[in-house]
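The values are calculated or read from the model by the stated rules, or taken from the named source; none is laboratory data. Nothing here was measured: the structure is a model prediction, and the numbers come from that model. Reconstructed Cβ throughout: ideal geometry from the backbone, glycine too, with neighbour counts over all protein chains shown.
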């Protein structure tokens, strides 16, 4: 029953009680009428008073992984000198329910506190599932009360509790990827090489610096010079990766979490994670509404940068994938492996294949993840199967690309480790 | 939305409401000595049927419906063979209503049934208070009934709302304190209701008609059962009515009809009521104690009341003699309030603020006419705030010094250093262990002058 209707009904009852009381020379009808009036007054005024002098705080993590359950701790403090009852805490949590639909910005009820003593505090925990990656602005946390009779609802929004939550894409483990080594990159300095991805050759000696591997200390020279000296190596070949994401609007098919972009981002994040764990160089390129360019790098910080970027990107671009691939082809390193995430409409396959041919001509290796577009369309709606996917697959095979086909609902861990 | 089950406290409240409503009716027969027997009978009937209703969860079960029918037939049997013989109509009809409610109790599992039960209890109470045998002694059952009624309604509402919120909540906060919330809400409604009841002029149509010179009927209808009815009624003399209610207009002469609730029994009347035959012992004892308390309060308050009346009369006399002075005094006070309000508003006018700022600079910056110690620091800090207020950084009352400093820093990064030092010196003066030295105040003046020039 809506609040207005409740109020009207009680108001009518009150008027009826007063008219009955004035018609009868009795006290009880007056008392009943007074109680109705008291209920109206209490129901209308009390909620407004209840949410005054209350402070609320919500503490929780600022970063989380997709699929992880984060726990927010909510605390209500009563700074008044009278107790507060049935205080509802509402919050704007756009990531709740984001997996099925677009992030909705409706207020969510965190919970209600039945009783907060004067000058006291009450706290409770709210476990929430991080359904979909993204950068979310949480809050502000608001207070509401319709105590005691639900005749009126008072709401108060404070500026406190405005925070952000970055949900990173869910990463799956990759044990092995068929990558090829790139030629020497001596100017990048010595680093540990991925197993089987190349070799290193002695290039010289230098003084020991903090953090150097003690195994590389050259003891005879150190003894002679009375100073620790370490050997330097030149990597002859190492794998390096370029992740090319297609952020064109029409290349993203599906809804909520089950769309090609989400799959592509999961794959990109996992491959970047693999590269960083293997100490390989990786970079990310994409053309959305704003271009995404993460320069080649490695290490945890680089991986964090990639994850930060992948957490927020959306399929909001107009640039055809072929154009991005052409750019990559022009500045790619010979032997670099380009991770292709292909979900674009079939009509653009020809241009894409041309760009890939250019890439191959520049000496890049291709690792193609081809999305089965049909499987990502809404279940139940009839869709004409893509006629153009066959030439793309054939073209990729011709170019010597390593291909992985991804369908909606596929287990990516199995797919990439089989 | 699913229907929430009624809590135990709600059933308890409904049981109490029905039993107290029945007690009001049974109390009408107090002189015949049947009050305890009636109460035991109704306790068993209402208690048992309520237990059946409570043991079902949300939805009436087959056994509940079977009990409902059984109680209904039992009630009809009692109506025809017992109630009609003892009380006749309309009391017998009323008790039939109670039996119908008892049968309905067997399937009372939701809010609708609860409200109907409370409505029936209200009907019972209205009947009892309308009866010509009802008098102020019924308040011993009527007052707890009102409390039980409000408690039940509030408890149901709060428990249902609590259940709804728990269902919709993302978290799982503790339910602790709901009982306190119910009691607080009940108490507040009763207190406000009691206050309104006392404040409301309880007029009636006959009273209003008499007041405006109309011919008004005396003792208008409304009683469901009048003197001389058959059954357990006899020809007893009416003492008073519920809550000092109706029929008090009889014999009131030229004063017109009295308002309901306008009289309270004297200690002697109370003691007489306590000695009535078949009055329950606890009630008689309570009435005696009430009479003692009432008497002692009257004795204690008598001089105070006399003094207050004297003062009031003296005030009226003084006003009569000095009405012009009083009127002029009130007008002067009103003018003063308007002037103060105008002064406060005037400070917001930009050119007035500019003038005040210039005055500050002349007084503090140029002539150094500042106070000593903490007051001086406060003067310089306020002067700085006025300076920045003209530069679109006003300080609101809720903003503390640190927040204000950060606001200044955002708008005037180049002046942040000066503002920070003045703020620090002000904080030291205001909250520090020692009063500010002359050097500190001098430094504040220097910083203030610098700020003035740069702004």
Practice task
Name every residue in segment A:43-57 that is under 16 Å from residue A:10 (Cβ atoms) and away from every other protein chain (no Cβ under 11 Å), in order of residue number.
Solution key: A:44, A:47
Handout entry: Subset of segment A:113-134 that is surrounded by fewer than 21 Cβ atoms within 10 Å (Cβ to Cβ) and not in a strand (DSSP E or B) - its residue that is nearest to the chain's Cα centre (by Cα)
Key = A:131
Handout entry: Test: residue in segment A:31-42 that is surrounded by 15 or more Cβ atoms within 10 Å (Cβ to Cβ), within 11 Å of chain B (Cβ to nearest Cβ), farther than 16 Å from residue B:170 by Cα and touching a strand residue (DSSP E or B) at 6+ places or on another chain (Cβ under 8 Å)
Key = no
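A quick yes/no check of all residues on (1) modelled with pLDDT of 90 or more; (2) within 10 Å of another protein chain (Cβ to nearest Cβ); (3) under 30 Å from residue A:153 (Cβ atoms):
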residue: B:112; (1), (2), (3): no, no, yes
residue: B:115; (1), (2), (3): no, no, yes
residue: B:132; (1), (2), (3): no, no, no
residue: B:144; (1), (2), (3): yes, no, no
residue: B:166; (1), (2), (3): no, yes, yes
Practice task
Could you tell me whether any residue of segment A:144-158 is at the interface with chain B (Cβ under 9 Å from one of its Cβ atoms), free of Cβ contacts under 8 Å to residues at least 60 places away in the same chain, over 30 Å from residue A:261 (Cβ atoms) and surrounded by fewer than 21 Cβ atoms within 10 Å (Cβ to Cβ)?
Solution key: no
Problem - Residue list for segment B:348-392, filter: touching a helix residue (DSSP H, G or I) at 6+ places or on another chain (Cβ under 8 Å), over 18 Å from residue B:428 (Cβ atoms) and free of Cβ contacts under 8 Å to residues at least 12 places away in the same chain - result: B:352, B:369
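So, residue A:74, is that one facing chain B (nearest Cβ under 10 Å), over 30 Å from residue A:261 (Cα atoms) and at pLDDT 85 or above or not? Can you show your working first?
On the way: facing chain B (nearest Cβ under 10 Å): yes; over 30 Å from residue A:261 (Cα atoms): yes; at pLDDT 85 or above: yes.
For residue A:74, the condition - facing chain B (nearest Cβ under 10 Å), over 30 Å from residue A:261 (Cα atoms) and at pLDDT 85 or above - is met.
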Practice task
Could you tell me whether any residue of segment B:173-189 is assigned to a helix (DSSP H, G or I), surrounded by 17 or more Cβ atoms within 10 Å (Cβ to Cβ), modelled with pLDDT under 90 and assigned by TED's automatic domain parsing to the domain that holds residue B:95?
Solution key: yes
Exercise for the section: Tell me, please, whether a residue that is surrounded by fewer than 16 Cβ atoms within 10 Å (Cβ to Cβ), more than 8 Å from chain B (Cβ to nearest Cβ) and closer than 21 Å to residue A:168 by Cα can be found in segment A:9-29. Expected result: no
Exercise for the section: Please give the number of the condition residue B:56 fails out of (1) over 21 Å from residue B:141 (Cα atoms); (2) out of contact with any helix residue (DSSP H, G or I) (no Cβ under 6 Å at 6 or more places or on another chain). Expected result: (2)
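With B:58, B:91 as the choices, which residue is out of contact with any strand residue (DSSP E or B) (no Cβ under 9 Å at 6 or more places or on another chain), away from chain A (no Cβ under 14 Å) and without any contact (Cβ under 8 Å) to a residue 60 or more places away in the chain? Don't jump to the end; show me each part of the working.
On the way: B:91 fails: without any contact (Cβ under 8 Å) to a residue 60 or more places away in the chain.
Answer to the check: B:58.
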